[in-house]
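None of the figures in this text is laboratory data; all of them are computed from the coordinates on show. None of these values were measured; they are calculated from a predicted model. Neighbour counts are summed over all protein chains in view; Cβ atoms, including those assigned to glycine, are modelled from backbone coordinates with ideal geometry.
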Amino acid sequence: MEYLLQLLASGVVTGGIYALIAIGFVVVYKATGVINFATGELMMLGAFFAWTAMTAAALPFAAALLAAVACSALVGAAVERVVLRPLLGQRAIAVIMVTIGLSSIFKGLAQIAWSGEYRSFPDIFPRRPVILGPVVLPSRQAYPFLIALAAIALLWALFRFTRTGTAMRATTDDQATAFGMGIDIRRVFSLSWILAAVTAALAGIVIGAIGGISPQLGAVGLRIFPVVILGGLDSIGGALVGGVVMGILENLAGGYLDPLLPGGGVKEVAPFAALVLILMVRPYGLFGTRDIERL
Amino acid sequence: MRIGDYKESYAADEALFRTPTARAWLLVLLAALAVFPFLAGDYLLYLANLVGVLAIGALGLNILTGYTGQISLGHAAFMGVGAYATAVLATRLSLPFWLSVPAGGAAACLAGAVVGVPSLRIKGLYLAIATLAAQVIFEWVFTNWTGLTGGIRGLNVAPARLPGFRFDTDRRIYFLIQGVLALHAYGAANLFRTRVGRAFVAVRDRDLSAELMGVNLFRTKILAFMVSSYYAGIAGGLWVYFTKVVTPENFPLSLSIQYLAMIIVGGLGSIPGTLLGTVFVTLVPEGLRSLTQVAQAVAPGAMAWFYPMRDIVFGAMIVGFLVFEPHGLAEVWNRIRRFFALWPFPK
């Protein structure tokens, strides 16, 4: 029983972080219809920005966080303006491949800038573990989860209450009408990429704080696909639920099934097996927009 | 100079190579390929074999993605299925290569049919994610089904042989690989002159209209997946006899991405483009490697830049072609051809 609770708790924690990454992904998909395969590499860049600010520039964590967010926002804006805008309205394969190409470029640049080595992140959280009844959470997992939650709440408030957020939601609903009402669509596109880069950076910092960083960190980015498919590609609430469910699934599968199989690795593959099932049964996910198309 | 392009029969109009010039150049190309192994060194020969194997896989992906419009991020996995099927049949049942390679193609074909089933309900970006899942799952199976695949240690396979002849060197297997490639390129080019191939193109251009014109969507899409995976499986089978060992690391997601890069650089929906793209995408990193080796002599430590630079060049190649030359090398090739068709007169 305690083992189960422990697995559930760390599942929720991992899931919260997945949800944070997934939200940035969903924002871009909603606004521009682009599936961003470079999410993982944007995370990696954000984590390295923060790491550099803390080690080389010796900034305190809060300042480093701000610096990383600012740099990532610049990267996001540049990516949208230089690469994605010329491809607006192109075939799906072009849009997918261009983000894959970007991820390869980012990985190479990061290896040149920071070398391929694995580095540990400076301690940013108190060392004492958080104890919730029978469950013990290492502080390196508990605090990142709180950061992820705070970021998600902030994003939600942005979409719900600000003028910009409303403009973004309007664009998602109906681009032509939004344009007719005087909303600057290009600014919305640019903003959604900035948001994606910033959330990715936050997630990258959080993941870096848990397990260290290297240019290979971006590989984690692939794990959000089951999350966003479960939640629905265009639903922010869905990303939250999908993240937590997949986090739990992954931990349960890893905890109970891994010892039974000789090679292991169930933890990595279980979400993808679930993904296939979801696509078969309910391709638009739990909360995604249901495209009605009769053939 | 060609001043006219008159055709007097339907057969001439439907021919694969329509002008005497095209036929002459094809003969030149085939002759060059035939003498190549006797002139080239070991390294060039290795590269030619690598390009040959990958080109068969890339043809398959272009049939699926370029001609039928279904995106696949799992092409390397199908190649893996073919490779493992070939290797298992060759080691366990000691089948000769001329049975085990086609059997690998058939196994991949079946796997493709299974993965293709969701393509009726989901398309575009969703399908890309479904095939990504297939890639992850197949890779896991290759690693974990140790009883069959040998796990991470993989399987060792003896060279292919005919009575009295062993394909044990790169020079010998060159003819096998290029022969199979030529056959499959010819087959792919012909496919799009048949009803089935035309149906593929119709599904890509507008699936609803295709259905209204009497194309059975489900059958056509599954068939496209099967043909494409069959090509990948054959490539996998040849890979086994080329490298004589097969491990799960041979078929990662990055290979699937490399395949997509080949058909994008070459040109979606173009057979000659696929071949050009395969050569280009395979040789650019090798060119970069030689360049780094030259730089190493001047500036020691240049070799450390090779792997990051390879990533950057690979990414820049994809992004650059998509933004500046979306129809790929096939279009560049056509422009050159058109220029010389009227040369030396201005257009």
What do you get for chymotrypsin sites (Phe, Trp or Tyr not before Pro) in the stretch B:291-347 restricted to DSSP loop and a cutoff of at most 14 other Cβ within 10 Å of the site's Cβ?
none
Can you sort A:I124, A:I205 by how many other beta carbons sit within 10 Å, fewest first?
A:I124, A:I205
The simple spin-label model distance between A:D258 and A:S120, using points 7 Å out along Cα→Cβ, in nm, is 2.0
So, how do all the Cα-to-Cα distances of the stretch A:120-178 break down into 10 Å bins, in percent, from 0 on up?
20, 28, 20, 19, 12, 1
Using a cut-off of under 19 Å, list every residue of the stretch A:188-214 whose amide N is near the label point 7 Å from the Cα of A:T162 along the Cα-to-beta-carbon line.
A:188-203
Please sort by residue number the chymotrypsin sites (Phe, Trp or Tyr not before Pro) in the stretch B:1-72 whose DSSP state is loop and whose Cβ has at most 15 other Cβ atoms within 10 Å.
B:Y6, B:F17
How about the stretch A:63-147: which chymotrypsin sites (Phe, Trp or Tyr not before Pro) there lie in a loop by DSSP and see at most 12 other Cβ atoms within 10 Å?
A:Y118
FRET efficiency for B:L30 and B:E249 from the Cβ-Cβ distance with R0 = 25 Å, rounded to 0.05, comes out at 0.10
Bins of 5 Å, beginning at zero and ending with the bin holding the largest distance: percent of Cα pairs per bin for the stretch A:229-279, please.
5, 23, 25, 23, 13, 7, 4, 1
Scattering curve values for the stretch B:1-59, log₁₀ I(q)/I(0), Debye with Cα scatterers, q = 0.16, 0.18 Å⁻¹
-0.72, -0.80
Count the net charge of all other residues whose Cβ sits under 12 Å from the Cβ of A:M181, scoring Lys and Arg as +1 and Asp and Glu as -1.
-3
Aspartates and glutamates with Cα under 18 Å of B:K244, excluding same-chain neighbours fewer than 8 positions away:
B:D42, B:D168, B:D170
Across 5 Å bins from the origin, how do the percents of Cα pairs in the stretch B:185-251 run, short distances first?
4, 15, 21, 18, 12, 10, 9, 7, 3, 1
What's the extension gain from B:S209 to B:A158 if we count 0.36 nm per residue and subtract their Cα-Cα distance?
13.3 nm
Convert 20 °C to kelvin, take the viscosity as 1.002 mPa s, use the Kirkwood radius over C-alpha pairs of the stretch B:169-217 as Rh, and evaluate the Stokes-Einstein diffusion coefficient in µm²/s, rounded to a whole number.
169
Which of B:I56, B:I271, B:I152 fluctuates most in a GNM of chain B (C-alpha springs under 10 Å)? That residue is B:I152
If we restrict to alpha carbons, what Rg and Dmax does the stretch B:40-108 come to, in Å?
14.2, 39
Take the alpha carbon atoms of the stretch A:1-74, find their center, do the same for the stretch B:13-65, and report the distance between the two centers in whole angstrom.
46
Convex hull volume per residue for the stretch A:168-295, taking Cα atoms only, in Å³
147
For chain A, set up a GNM with springs between Cα atoms under 10 Å and report which of A:R169, A:R81, A:R127 has the largest fluctuation.
A:R127
Along its three principal axes, how long is the stretch B:152-279 when you only count alpha carbons? Whole Å, largest extent first please.
54, 33, 27
Can you give the log10 of the normalised intensity I(q)/I(0) at q = 0.08, 0.13 Å⁻¹, computed with Debye over equal Cα scatterers of chain A?
-0.34, -0.92
In what order do A:S192, B:S290 fall by count of nearby beta-carbon atoms within 10 Å, going from fewest to most?
B:S290, A:S192
Two-site FRET efficiency, B:F345 against A:R128, from Cβ-Cβ distance with R₀ of 60 Å, rounded to 0.05:
0.10
So which DSSP H runs in chain A come out at 20 Å plus along the axis (Cα) with average Kyte-Doolittle of at least 0.5?
A:2-32, A:39-55, A:61-79, A:92-114, A:139-161, A:185-211, A:236-252, A:266-281
For chain B, just run the numbers: alpha carbon Rg, then divide by 2.2 N^0.38 Å, N being how many residues it has.
1.03
Would you please give the FRET efficiency between B:V332 and A:M181, computed as 1/(1 + (r/R0)^6) with r the Cβ-Cβ distance and R0 = 60 Å, to the nearest 0.05?
0.85
Which semi-axes, in whole Å and largest first, does the equivalent ellipsoid of the stretch B:52-197 have when worked out from the alpha carbon gyration tensor as the square roots of 5 times its eigenvalues?
28, 22, 11
For chain A, modelled as a Gaussian network with Cα springs under 10 Å, which listed residue fluctuates most, A:L65, A:L146, A:L257?
A:L257
Extent of the protein assembly as shown along each principal axis, from alpha carbon coordinates, in Å, largest to smallest?
80, 61, 60
Everything considered on the Cα gyration tensor (a ≥ b ≥ c; rounded for a/c under 1.5, else prolate if a/b is larger than b/c, else oblate), the stretch A:1-116 must be described as oblate
